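Asks: Let me begin by handing over the structure; questions about it come next.
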C-alpha cells in the first residue's frame, strides 16, 4: 500500500520538524549557558566573600563569621573537622558543587593565611 502525500503536506511537515528540532537545540543551549553562568557567578561571589572575610579577620580576629539564610561559614582548626557537616569534611581547598538533601550546594573551602591547619568553608544553600 503506497501513500501519496502532496508536495504541500511534505513541505509543511519538513518545516514543522525542522522548526521543532531548531527550537529544542536553542532551548538546550540556553539552558546549559544559564547553568554555567549561574555556577560561575555563585562561585565568584563565594570567593569574594572568603577574601573579604580573610581581610577583615586579619585586621580583627574577633570578626564574626558570615551567616545568613543562604550562607553558613565555618572557621576551624584541622583537628576540629568533626564540627563540620559530614559532606564538607573531606573537601579539598577550592570550589565544589555537591547535592545534599535534594539541594545543590556551592561550597568554597580555603586555607587560612595564618596556618595550614585552619580550614574555612562557606556553603551556599
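Where a number appears in this text, it was derived from the coordinates with a stated rule and is not lab data. None of the values given here were measured: they were computed from a predicted structure. So basically every Cβ, Gly included, is an ideal-geometry build from the backbone, and we count neighbours across all protein chains shown.
Asks: Return the label of the correct value of percent of Cα pairs over 19 Å apart, as calculated from the structure shown, out of (1) 74; (2) 61; (3) 57.
Replies: Label of the calculated value: (2).
Asks: Would you please give the FRET efficiency between residue 58 and residue 90, computed as 1/(1 + (r/R0)^6) with r the Cβ-Cβ distance and R0 = 30 Å, to the nearest 0.05? If you can, show how the numbers build up before the last one.
Replies: Working: r = 27 Å, r/R0 = 0.90.
With a Förster radius of 30 Å, E is 0.65.
Asks: On to the next question. Kirkwood Rh, the stretch 27-97, all Cα pairs: how many Å?
Replies: Values: mean 1/r = 0.0691 Å⁻¹.
One over the average 1/r among Cα pairs gives 14.5 Å for the stretch 27-97.
Asks: Then there is this: Tell me the relative contact order for the chain as a rounded percent, counting alpha carbon contacts under 8 Å between residues six or more apart. Mind showing how you got there, number by number?
Replies: Numbers: 114 pairs, mean separation 27.9, N = 125.
Averaging sequence separation for qualifying contacts and normalising by length gives 22 percent for the chain.
Asks: Let me ask something else about it. Roughly how tilted is helix 7-59, in degrees to the nearest 10 and between 0 and 90, from the longest Cα axis of the chain?
Replies: 10
Asks: Could I ask something else about it? When ranked by the protection proxy of mean other Cβ atoms within 10 Å per residue, highest first, what sequence do the peptides 66-78, 3-15 form?
Replies: Details: 66-78: 13.4, 3-15: 8.5.
My ranking of the peptides, most packed first, is 66-78, 3-15.
Asks: Cut-off 10 angstrom, C-alpha nodes, Gaussian network model of the chain. Which of 54, 103, 92 fluctuates the most?
Replies: Largest GNM mean-square fluctuation: 103.
Asks: Per 0.36 nm of contour for each residue apart, how much would the distance between residue 80 and residue 4 grow if the chain were fully extended, relative to their Cα-Cα spacing? Can you show the working numbers first?
Replies: Working: separation 76, 0.36 × 76 = 27.36 nm, distance 7.73 nm.
That works out to 19.6 nm of additional length.
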